[in-house]
Amino acid sequence: MNNFYWTVYKNLEKELTDLSNLIHIDDEQLGIYSIKIAELLLRTSVEIESISKTLYYQNGGTKPDDINLFFDTDCLDLLESKFLLSKKQVQVSATNFYFTLPENQILTPLKKANKRGTSSSDWQKAYQAVKHNRVKSLSKGNLKNLIRALSALYILNLYLNDNVYQLDKDSSGVNFDSNVGSSIFSIKLHINQTISVNQDYSKNKDFDECVYLLKATEDTRNAVQQKLKELNEKTIERTKTNLLEEITKRLAETQITNQDEVNEKIKSISEQINIDNMIQVARENGQALKITFDGLRYEAILNKHQY
């Protein structure tokens, strides 16, 4: 994270932390405003404008910067289409922020950030109001809008840095630092340990909310998928060999004469034979399968909706 944007972000974060040592920041204090808070809101929002344009060009944006390139409806809109930033959650996790209401603890600061005017997010509307008429709109330069703007800048910095964290054998993510460099915020890590033959990554229902994903590294996942594919092929081959014989044998043990019932029974027998063979093949190859799974290594990567 050794870049200009991150350095500026950390300075802004420190200034908000310094304020938290002077103000007991809880649910009741979010409306507090001042020249200092309004100044921090302006500086944070200017950083959002700048980093959004950098991310825009890094992710395929082609509109020239000198022809009315807007950070919201152009830049953030492109990023929204790629990364679904409006769903990404940030938790206020600093110990000197005393929020109890869920809406102040868990933030989705980039929701509606790709809109303009009255349709945009509250922190954006506050930014525009304070920028154009600081005296009249000073009350909008408050802690609530500042915290949400800063958390939006935090997410954008994470997407710019695009860091990968090696977790070795940690398949549960306990060693992943969910603060990812922040002293105020933390993010959700999506965890799914399922590995299947035909799917590189499985999603839980909270996938869209997570900024980072825990996954097996590509080479170790490929090794497991290849071993599972081999076992599937052995199961299919074994089932082909004895399927007709087993169906005939098991049908003979029943008293079914109705054709629909016979068809249903054949289907049930076929499924059970396949399961039996799968279990048998797994037992015969258990040690090799264990060695392959023991070789899995994990990493945390940015959620770019690449799966």
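Rule-based calculations on the coordinates, nothing more; no lab input. All values derive from a computational prediction rather than experimental measurement. Glycine also receives a Cβ, built like all others from the backbone with ideal geometry; neighbour counts cover every protein chain displayed.
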| task | With volume of the Cα convex hull per residue in Å³ in mind, check (1) 186; (2) 202; (3) 136 and report the label derived from this structure. | result | (2)
| Given charges of +1 on the Cβ of Lys and Arg and -1 on the Cβ of Asp and Glu, with all other atoms neutral, how large is the dipole of the range 9-124 about its Cα centre, in debye to the nearest 20? | 360 debye
| query | What is the Cα coordinate range of the range 219-294 on the first, second and third principal axes, sorted by size from largest, in whole angstrom? | reply | 52, 19, 17
| In the chain, with Lys and Arg counted as +1 and Asp and Glu as -1 at Cβ, which of these residues, Asn198, Ala113, Thr95, has the Cα nearest the positive end of the dipole, that is, farthest along it? | Ala113
| message | Can you tell me the length gained on complete extension of the stretch Asn274 to Gln199, counting 0.36 nm per residue apart and subtracting the Cα distance? | response | 24.9 nm
| Simple label model, 7 Å out from Cα along Cβ direction - Asn161 to Ile301, nm | 1.9 nm
| said: As I understand it, the value is the acute angle between the Cα axis of helix 218-252 and the longest principal axis of the Cα atoms of the chain; what does it come to in degrees, rounded to 10? | reply: 30 degrees
| How are the C-alpha pair distances of the range 4-161 spread across 10 Å bins, as whole percents from the shortest bin up? | 11, 41, 37, 10, 1
| With charges only on Cβ, +1 for K and R and -1 for D and E, what is the dipole size of the chain about its Cα centre, in debye, rounded to 20? | 760 debye
| Within the range 159-197, chymotrypsin sites (Phe, Trp or Tyr not before Pro) in DSSP loop having at most 10 other beta-carbon neighbours inside 10 Å | none
| message | Given a 10 angstrom Cα cut-off, can you work out which residue in Thr54, Thr108, Thr95 is the most mobile in a GNM of the chain? | response | Thr95
| Nearest 10 degrees, 0 to 90: helix 259-284 Cα axis against the chain principal axis | 80 degrees
| Of Lys53/Lys82; Lys14/Lys87; Lys112/Lys304; Lys87/Lys304; Lys205/Lys227, which ones are farther than 23 Å apart at the Cα? | Lys14/Lys87; Lys205/Lys227
| said: Using only the alpha-carbon atoms of the range 161-307 as identical scatterers, what base-10 log of I(q)/I(0) does the Debye formula give at q = 0.10, 0.20 Å⁻¹? | reply: -0.54, -1.14
| remark: Fewest to most Cβ atoms within 10 Å: Val135, Val46 sort as Val135, Val46
| task | Give a residue-ordered list of calculated ³J(HN,Hα) values for the range 14-20 (Karplus: 6.51 cos²θ - 1.76 cosθ + 1.60, θ = phi - 60°; whole Hz; x for Gly, Pro). | result | 5, 5, 5, 4, 4, 5, 5
| query | Within the chain, what is the longest stretch that has no trypsin sites (Lys or Arg not before Pro) placed in a DSSP loop and near at most 12 other beta-carbon atoms within 10 Å? | reply | 1-135
| task | At 7 Å along the Cα-to-beta-carbon direction for both Ser34 and Tyr98, put a label point, then send me their distance in nm to one decimal. | result | 1.7 nm
| field | Between 0 and 90°, nearest 10: helix 143-161 axis offset from the chain longest Cα axis | value | 50 degrees
| What full-extension length gain, to one decimal in nm, is calculated for Thr118 and Asn3 as 0.36 nm per residue of separation minus the Cα-Cα distance? | 38.0 nm
| said: Quick check: residue separation of Arg283 and Lys267 times 0.36 nm, minus the Cα distance between them. What number comes out in nm? | reply: 3.3 nm
| request: Just name one of Ser178, Tyr212, Leu79: the one whose Cα is farthest towards the positive end of the charge dipole of the chain (beta-carbon charges, Lys/Arg +1, Asp/Glu -1). | output: Leu79
| message | Could you tell me the center-to-center distance, by alpha carbons, between the range 1-37 and the range 168-240 in angstrom? | response | 36 Å
| Distance between modelled label sites at Asp18 and Glu230, nm, 7 Å Cα→Cβ extension | 6.2 nm
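With both partners inside the chain, how many of the DSSP beta bridges are antiparallel, as a percent to the nearest 5?
75 percent
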| query | Among Asp260, Asp122, Asp27, which one moves the most in a GNM of the chain with springs linking Cα atoms closer than 10 Å? | reply | Asp260
| request: Return the sequence-ordered ³J(HN,Hα) values of the range 112-129 in whole Hz as given by the Karplus equation 6.51 cos²θ - 1.76 cosθ + 1.60 applied to θ = phi - 60°, using x for Gly and Pro. | output: 6, 6, 8, 9, 10, x, 5, 8, 7, 6, 4, 5, 5, 4, 5, 4, 5, 5
